[in-house]
Amino acid sequence: MPERKQRFEEETPAGFAVPEAWRLVRDLMSHNPVIYFADFTLSAVIGYGAVWVYFMAPNWSPLQVAAFFVATFGVFRAGVFIHEVVHMPGGKMTAFKAYWNLIYGVPMLTPSFMYANHTDHHARRYYGTAQDGEYQPFGLGGPGRIALYFAQVLAIPIFGIVRFLILAPLAWISPRMRAWVWRSASSYISNPGYRRDVPRGEDHRWWVVGEVLCFLWLLFVVALFASGTLPFEYIIELYVLSVVAVFWNWLRNLAGHLFLSDGKPMSHEAQFLESVTVVGTPWLHELIFPVGLRYHAIHHLFPAMPYHNMPECHRRLMTQLPANSGYHQTLYSSIWQVFAVLRRNMRRHQVATTQRA
């Protein structure tokens, strides 16, 4: 067991005081639709508006370069709302769920069903195992694992096109193909070994609706390029923009945990302890960890908590829990400090592996 988790369990034999923390924050679980609609709409307007400027501006001009970075962060932020969508209870915030999918999920080929597998990342029996699509044991590996992790970024935009333009119609006509597509090609993940569990009898009507809408959208875009309405040079520019927007998400994900799992299921307390809270330079880390993701330890403690209540939750936990509580052990001043810890753990593992060999 990694030293930090072992020390935590020795100091708190009963584990983190979840009931005590819940008592402090149980009034913070209600979603505010006004905040969601306003924040997402503003993020989408900024992101899409910057994309338009990026295409219209002269190539390599300062305006195009500035619009490029604004577009990548704007599109990234608007997309991160999918994380909120999949955690919203069924029957709640249905208007926002539909709105997000129509405005962002379909045009960006990321309908929310493609991220419903995220619940495996929070399941006690799956977190940190091969059945966790968002986890790899980076802390127990070498630099090559991280290099392969980031190499996936280059394929994600292409995967979306293939998934909805080619695989989707094949799945509509072949039940056998549909089973494979839904299991192996219906999840945006960073763990290539992950295979989605699709229970029998699960309602997939909205999956098909999402597939049809994405397919029709792609046909429309293809028609724009084929007719000459859009120049083919936009394809490369759009691909580069998409890759960088995905890169920000990959970078954010790499700083969300310490990634010390050995592949076996971890207790809720151990999952929480190796999750990260980034507290320094709020304006900068809001770019990299938008929509409350810099409070990742809180999110793993209370997955259904709305992002707009996380700052208040953090304040209460900091002021009302003991200074030696587990939550205080999740605090990091910057993303660079998280990466330094990750690098140190990787080096320790390599030394230990060499000594055993």
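Once you sort the root eigenvalues of the Cα gyration tensor of the range 3-341 as a ≥ b ≥ c, which label holds: rounded (a/c under 1.5), prolate (a/b larger than b/c) or oblate (the other case)?
Prolate, because a/c is 1.5 or more and a/b exceeds b/c.
When Ile46, Ile236, Ile82 are sorted by how many other C-beta atoms sit within 10 angstrom of their C-beta, beginning with the fewest, the order is Ile236, Ile46, Ile82.
Distance between the C-alpha centres of the range 275-315 and the range 166-194: 32 Å, rounded to the whole angstrom.
For the chain, the mean residue ellipticity at 222 nm estimated from helices alone is -18000 deg cm²/dmol, where every DSSP H run of n ≥ 4 contributes -39500 (n - 2.57) and the total is divided by all residues, rounded to the nearest 500.
Across the range 139-150, rounded Karplus estimates of 3J(HN,Hα) from the backbone phi angles (6.51 cos²θ - 1.76 cosθ + 1.60, θ = phi - 60°) give x, 10, x, x, x, x, 5, 6, 4, 5, 4, 6 Hz, Gly and Pro being marked x. Put a plus charge on the Cβ of each Lys and Arg, a minus charge on the Cβ of each Asp and Glu, and nothing anywhere else: the dipole of the range 3-341 about its Cα centre is then about 520 debye. Using C-alpha pairs below 8 Å separated by at least 6 residues, the relative contact order for the chain is 23 percent.
Cβ-to-Cβ counts within 10 Å put Leu238, Leu170, Leu254, Leu301 in ascending order as Leu170, Leu238, Leu254, Leu301, the fewest first. Scalar couplings 3J(HN,Hα) for the range 37-45, obtained by applying the Karplus form with A = 6.51, B = -1.76, C = 1.60 to θ = phi - 60°, are 5, 5, 5, 5, 4, 4, 4, 5, 4 Hz; x denotes Gly and Pro. Kirkwood radius, the range 224-357, all distinct C-alpha pairs, inverse of mean reciprocal distance: 17.3 Å. List residues of the range 95-112, by number, whose backbone nitrogen lies under 12 Å from a label position 7 Å along Cα→C-beta of Val162. Hits in the range 95-112 for Val162 at 12 Å: none. Here's how it looks for Gly326: its modeled amide H is under 5 Å from those of Ala17, which are all 5 or more places away or on a different chain. 3J(HN,Hα) along the range 157-171: x, 5, 4, x, 5, 5, 4, 9, 8, 10, 5, 4, x, 5, 5 Hz, from the Karplus curve 6.51 cos²θ - 1.76 cosθ + 1.60 with θ = phi - 60°, whole Hz, x for Gly and Pro. Pop the C-beta distance of Arg348 and Val209 into the FRET formula with R0 = 56 Å and round what comes out to the nearest 0.05. Calculated transfer efficiency: 0.70.
Computed about its Cα centre, the charge dipole of the range 10-94 is approximately 340 debye, with only Lys, Arg, Asp and Glu carrying charge at their Cβ.
In plain terms, the residue of Asp120, Asp203, Asp197 with the fewest other Cβ atoms within 10 Å comes first and the most crowded comes last, giving Asp203, Asp197, Asp120.
If a/c stays under 1.5 just call it rounded; otherwise compare a/b with b/c (prolate if a/b is bigger, oblate if not). Do that for the range 253-312, with a ≥ b ≥ c from the square roots of the Cα gyration tensor eigenvalues. Provide the component values of the computation, followed by the final result.
Values: a/c = 2.70, a/b = 1.58, b/c = 1.71.
Because a/c hits 1.5 or more and a/b fails to exceed b/c, the range 253-312 counts as oblate.
Think of the chain as having a plus end and a minus end, set by charges on the Cβ of Lys, Arg, Asp and Glu; of Ser333, Asn345, Leu213, Asn345 sits farthest toward the positive end of this dipole.
Any read-out appearing in this document is the output of simple, stated calculations on the displayed coordinates, not a laboratory observation. In this text, all values refer to a predicted model and were calculated from it rather than measured experimentally. Cβ atoms come from the backbone with ideal geometry, glycine included; neighbour counts cover every protein chain shown.
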